[in-house]
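Could you have a look at this structure, given as structure tokens, before my questions?
The values are calculated or read from the model by the stated rules, or taken from the named source; none is laboratory data. These figures come from a predicted structure and were not determined experimentally. Cβ atoms come from the backbone with ideal geometry, glycine included; neighbour counts cover every protein chain shown.
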Amino acid sequence: MYLTGNPVYIEKLLTVITDNAVKFTKPGGNVSVWCRKISEDDERAVYEFGCSDNGIGMSEEFAGHAFEMFSQENKTSRTQYEGTGLGLAIAKKITERLGGTIEIKSKKSCGTTVTMTIPFKTGVQNLMQYTENVNTESTEDIPLEGLHALIAEDNELNLEIAKLMLEEKGICVECAADGKEAVAKFEESEPGYYDVIFMDIMMPYMNGWDATRKIRTLQRPDADKIPIIAMSANAFAEDIINSHISGMNWHLTKPIDADKLMTALKECIRKNNIR
């Protein structure tokens, strides 16, 4: 019997939860992590993952908003353990993407427990047969593993989710916090180093459209060839047109769907003969 799941998401989920627990636990405190099977049949198994600490905890009222991005209770009393709360927001997004649930229990000055329930597919066939089937199918598709992608996104949560989607496919990801930084990273790289750029539109210092125009005018052989995919909260015709006018190859609407992202990436790769 074996489980089929998403190791990239599971690893990230456990990392952000344990990091958050350590961050808000005083030196000498305790952080415990566990995993246990809740149910299992021939097709599905449900596991519970948990992390408990005896750190500073939070009020019942605040715990109800703990999964919201940038939640932080009583900043003056938490200066030593300051954090944005981004970890819990990411954990919630990942758990939901895995088809699971997440809950938090906390008591101020006593500690916090985060519990995640996640389903996995189960199977009893020969593991080698399963692996061979996966490899056979993947050879019929455009290979993505080993590609180098640059993501320009100023929203930390959106950035982490997009990064996870790409890393799951074996893509090497580098990040920029705004359009200006994205242009600088591309300009400083060797020609051909990046295979694709994912560009948010609304960013500080330089928006995605201006950054794309700047990249397209650089005097280097890959400036007019590298695929640039827009990631925008707007799906209006005007926004899509502006993306293409600026030199972008594709326009994705947030929240980013993993399947649509991969479709856009593979189509851009095919058209540009990258692979």
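Please list, ordered by first then second residue, the pairs with beta carbon atoms under 8 Å, 6 or more apart or interchain, first in the range 33-44 and outside the structural domain of residue 18 (by TED's automatic domain parsing) and assigned to a strand (DSSP E or B), second among the hydrophobic types (A, V, I, L, M, F, W, C) and surrounded by 10 or more Cβ atoms within 10 Å (Cβ to Cβ).
Between residues of the range 33-44 that are outside the structural domain of residue 18 (by TED's automatic domain parsing) and assigned to a strand (DSSP E or B) and residues that are among the hydrophobic types (A, V, I, L, M, F, W, C) and surrounded by 10 or more Cβ atoms within 10 Å (Cβ to Cβ), there is no close pair.
Does the range 10-36 hold any residues that are of a type outside the set (A, V, I, L, M, F, W, C) and either surrounded by 15 or more Cβ atoms within 10 Å (Cβ to Cβ) or closer than 26 Å to residue 161 by Cβ (or both), and which are they? I'd like the intermediate steps shown before the answer.
Start the filter on the range 10-36 by keeping residues that are of a type outside the set (A, V, I, L, M, F, W, C), which leaves 11-12, 15, 18-20, 23, 25-30, 32, 36.
Residues satisfying the conditions are 11, 12, 15, 18, 19, 20, 23, 25.
On to the next question. Name every residue in the range 184-208 that is touching a Phe, Trp or Tyr at 6+ places or on another chain (Cβ under 7 Å) and part of a loop (DSSP other than H, G, I, E, B), in order of residue number.
194, 201
This table checks each residue for (1) in a helix (DSSP H, G or I); (2) touching a Gly at 6+ places or on another chain (Cβ under 8 Å).
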{"residue": "10", "(1), (2)": "yes, no"}
{"residue": "16", "(1), (2)": "yes, yes"}
{"residue": "19", "(1), (2)": "yes, yes"}
{"residue": "22", "(1), (2)": "yes, no"}
{"residue": "46", "(1), (2)": "no, no"}
{"residue": "51", "(1), (2)": "no, no"}
{"residue": "57", "(1), (2)": "no, yes"}
{"residue": "62", "(1), (2)": "yes, no"}
{"residue": "66", "(1), (2)": "no, yes"}
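Residue-by-condition table, conditions (1) at pLDDT below 95; (2) touching a His at 6+ places or on another chain (Cβ under 8 Å):
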| residue | (1), (2) |
| --- | --- |
| 125 | yes, no |
| 129 | yes, no |
| 146 | yes, no |
| 154 | yes, no |
| 164 | yes, no |
| 179 | no, no |
| 195 | no, yes |
| 228 | no, no |
